[in-house]
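Below is one structure, written out as structure tokens; the observations come after it.
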Amino acid sequence: MPLALCASVPALIKTSFGVAMKKSDSRHIIKELREKINYHNYRYYVLDDPEISDAEFDKLMRQLENLEKESPELTTPDSPTQRVGPPPLNEFVPVKHSLPMLSLTNAMNEEEVKGFDQRIKKLLNTTEDIDYIAEPKVDGVAVELVYEQGRLTVGSTRGDGVIGEGVTQNLKTIRSIPLRLIGKERKIPELLEVRGEVYLGTEDFQELNRRREDEGEPLFANPRNAAAGSLRQLDSNITAQRPLDIFCHGIGRVIGISINTHVETLKAFDQWGLKVIPNIRICRNLEEIIHYYREMTERRDDLGYEIDGIVLKVNSLRLQDRLGTVSRSPRWAVAYKFEPKQETTRIKDIVVQVGRTGALTPVAIMEPVRVGGVEISRATLHNQDEINKKDIRIGDTVIVQRAGDVIPEVVKVIETKRTGEEKRFTIPELCPVCGAGVFRPEDEAVHRCLGLSCPAKLRETIKHFASKRAMDIDGLGDKLVAQLTDKGLIKDVADLYSLSKEDLIGLERMAEKSAQNLLEAIEKSKETTMERLLYALGIRHVGEHISKILTNNFKDMGSLINATEDKLTHTHGIGAKIAKSIVKFFEQKDNLRVIDRLKQAGLRYPKIKPRKENKLEGMTFVFTGALSSFTRDEAKRRVEELGGKAASAVSNSTTYVVTGENPGSKADKARTLGINIMTEDEFKKLIER
Ligand code: IVH
């Protein structure tokens, strides 16, 4: 029966709090929650001025998710819960733009801008100054968003200007794109086509490339490519992990409202909750335009996103109409481009830098040159593949470029300048910092140092070694690790076990008590397992799961150290790449020395840690909701230490479901299956008893 006919017999639904609630009530609550979430989303992502904490925001989202889970029929495509999640597409559907998405003609100097202004005046048959709107030209990916009755229905890329690719689901993952327009101050049009630029901020771009470098994935050449690559993912869950953003700068077709000027469009965008480019200005003559251009040239490196020029647009939409278009470009707008940030120089040498994760990066040392107002003498060459692809040699004359805050890079070699004296370069076989071997898996671009005690990555090695899931040394935070390594108190992980109280007390923010606690935590970590130690060594591709497999399949550490690649690959779950990585790691004499020193320091790492107590033997626990006295991992570890099992899903073999704050659907499932539920307090009492 349709819901509307049920008014006299309201449907009852159960909330996640177990209270029966009328369907009409939950419809109302859902509506209010969505409005609240949309508002706070807008404050955070569009205005950059949040009013509530992330935790409060997450709580609202969780409430909405729970209510929608209980009443799936009330979920709508414009609900904030629908930003992520659907399965990957096989291909993008083509989307025809109802009005073509044009491109801009370029002006490269003041003369050409003057020519633009004169042409416009001539076409409009006037000598009066024209009102122009000057905007930054954002270097991103052009997109169109279609809002029908205020709801985002279709999003597409520009494509060839006539037909683009339907990337609706990917665009929905961008938090600054409203799924529903706000309509408090201005009427929402029946139809609104918004044009804008999707971009990736410079810092986010660098972070993304750093992560890709760590993972051995190819790097994006610039933020624009990264934004395009992220937007053209068939799996929107990948797009959702990239912090894309948007600036809206124009309209396509509009039905149901009338707008007279471009400034009015931008104001309306603002009122509808669409993000507009900052630093837009009205310019009435050439001087004002040039002034704006110079100002933006100076500010471009500080904006946090890339711009490659300014755009000038005639403000009046009536005049824009009169001026019309010529060969796919409007006559009423022009892009006044910045000078390219490229220069020519010579590579004097190529050196290798070792990053904090052990990645070896070749760096070109160049004759100093000014690029876009900054003197540069080093440029990243990324990796050996890039060097080979561009055929970069020591002594080559090259074009270098600087984009925003991005590290300068070599664009290409000018081969005509070769003298025959140039020298080819290959990444060394030994780490230039510690002398350990260097390894590059076949399917990765990056070479990495294999040395466990390499100073270049010592901080990261120690942090990982001490982490919860590894040796679990409580109190060894980032700052402390930095002090210990900087002061030379630790040169490898085994040195942790010879630290004395005197060593520690001299350090910043290290009182007697905390020094004592740390030493106790270090001492406690000596009682570990082979599985944990293996994971703690940070062997590439050997995470917790692989460490467990290795522990289960090898008698002890010694037999693993001596295992051949062949033997390793015959172990179920160990592929050629992992096997090679393990063999290479144990081939390093220095790594074996450190493992030996760990043993001498008193580290015991049997396959299974002897259990002191087993009062939870035979019991399986599942945790749900936020715990206040433990992290999930700690709670699970306590259960395991006491002989019990911790599982992540509720099933008939679950003994207890432990509920923290805002328990999820697991508690409901437990009730359905008749499984005992205990509070966090009860759990604490049980384990402490
Ligand atoms: S207005 C006729 N304004 O630059 C096109 N475009 O070819 C009207 N762009 O693909 C575009 N920032 O996506 C306009 N402030 C801005 C812009 C901008 C970047 C892009 C646009 C277009 C390309 C020009």
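Annotations for the structure displayed:
- Members of segment 176-187 found to be assigned to a loop (DSSP other than H, G, I, E, B) and crowded, with 20+ Cβ neighbours inside 10 Å, listed by number: S176, I177, P178, L179, L181
Yes/no matrix, rows are residues, columns are (1) more than 18 Å from D129 (Cβ to Cβ); (2) of a type in the set (A, V, I, L, M, F, W, C):
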position	(1), (2)
I251	yes, yes
V254	yes, yes
T265	yes, no
G273	yes, no
E306	yes, no
K313	no, no
T325	yes, no
R328	yes, no
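- Cβ-Cβ distances below 8 Å connect the following pairs, each with a first residue in segment 235-254 that is away from the ligand (no atom under 16 Å from the Cβ), a second residue that is charged (D, E, K, R), and a separation of six or more residues or different chains: S236/K172; A240/R83; R242/D204; P243/D204.
- Filter pass, A379 being crowded, with 16+ Cβ neighbours inside 10 Å, within 16 Å of the ligand (Cβ to nearest atom) and either not in a loop (DSSP other than H, G, I, E, B) or not small (G, A, S) (or both): no
- Restricting segment 183-207 to residues that are under 15 Å from the mean Cα position of the chain (by Cα) and closer than 29 Å to H97 by Cβ, the residue that is nearest to the ligand (Cβ to nearest atom) is Y199.
- Among the candidates E213, E144, the residue that is more than 27 Å from P441 (Cβ to Cβ) and either within 13 Å of the ligand (Cβ to nearest atom) or within 18 Å of the chain's Cα centre (by Cα) (or both) is uniquely E144.
- Any chance L102 is within 16 Å of the ligand (Cβ to nearest atom), closer than 19 Å to V254 by Cα, within 33 Å of the chain's Cα centre (by Cα) and at pLDDT 95 or above: no
- Which numbered condition A456 fails, given (1) part of a loop (DSSP other than H, G, I, E, B); (2) touching a Cys at 6+ places or on another chain (Cβ under 9 Å): (1)
- Filter result for V446 (farther than 30 Å from S581 by Cβ and of a type outside the set (D, E, K, R)): no
- D633 vs. criteria within 26 Å of I608 (Cα to Cα) and in contact (Cβ under 8 Å) with a residue 40 or more places away in the chain: yes
- Test: residue in segment 355-376 that is over 30 Å from L102 (Cβ atoms), in contact with a helix residue (DSSP H, G or I) (Cβ under 6 Å, 6 or more places away or on another chain) and of a type in the set (D, E): no
- Scanning segment 285-337 for residues that are surrounded by fewer than 16 Cβ atoms within 10 Å (Cβ to Cβ), within 15 Å of the ligand (Cβ to nearest atom), in contact (Cβ under 8 Å) with a residue 24 or more places away in the chain and of a type in the set (A, V, I, L, M) yields nothing.
- Residues of segment 572-608 satisfying the condition of being within 22 Å of K526 (Cα to Cα), charged (D, E, K, R) and out of contact with any Lys or Arg (no Cβ under 7 Å at 6 or more places or on another chain): D590, R593, D596, R597, K599, K607
- Residue within segment 162-173 that is buried (at least 24 other Cβ atoms within 10 Å of the Cβ), within 16 Å of the ligand (Cβ to nearest atom) and not in a strand (DSSP E or B) present: yes
- Taking segment 223-234 as the range and being in contact (Cβ under 8 Å) with a residue 12 or more places away in the chain and either more than 24 Å from V334 (Cβ to Cβ) or out of contact with any Asp or Glu (no Cβ under 7 Å at 6 or more places or on another chain) (or both) as the test, the residues that pass are A226, A227, A228, S230, L231, R232, Q233, L234.
- Sub-8 Å Cβ pairs linking a first residue in segment 87-104 that is closer than 20 Å to T153 by Cβ and part of a loop (DSSP other than H, G, I, E, B) to a second residue that is away from the ligand (no atom under 16 Å from the Cβ) and aliphatic (A, V, I, L, M), at least 6 apart or interchain, are L89/L234; E91/L234; F92/L234, ordered by first then second residue.
- The lone criterion from (1) more than 14 Å from the chain's Cα centre (by Cα); (2) within 16 Å of the ligand (Cβ to nearest atom) left unmet by S258 is number (2).
- Output for segment 464-507, where each listed residue is charged (D, E, K, R), surrounded by fewer than 16 Cβ atoms within 10 Å (Cβ to Cβ) and in a loop (DSSP other than H, G, I, E, B): K468, R469, D474, K487, K491
- The sole residue among K114, K121 that is more than 16 Å from the ligand (Cβ to nearest atom), out of contact with any helix residue (DSSP H, G or I) (no Cβ under 7 Å at 6 or more places or on another chain) and modelled with pLDDT of 95 or more is K121.
The values are calculated or read from the model by the stated rules, or taken from the named source; none is laboratory data. Note that the structure is predicted; figures quoted are calculated from it, not measured. Positions of Cβ are backbone-derived with ideal geometry, glycine not excepted, and every protein chain shown enters the neighbour counts.
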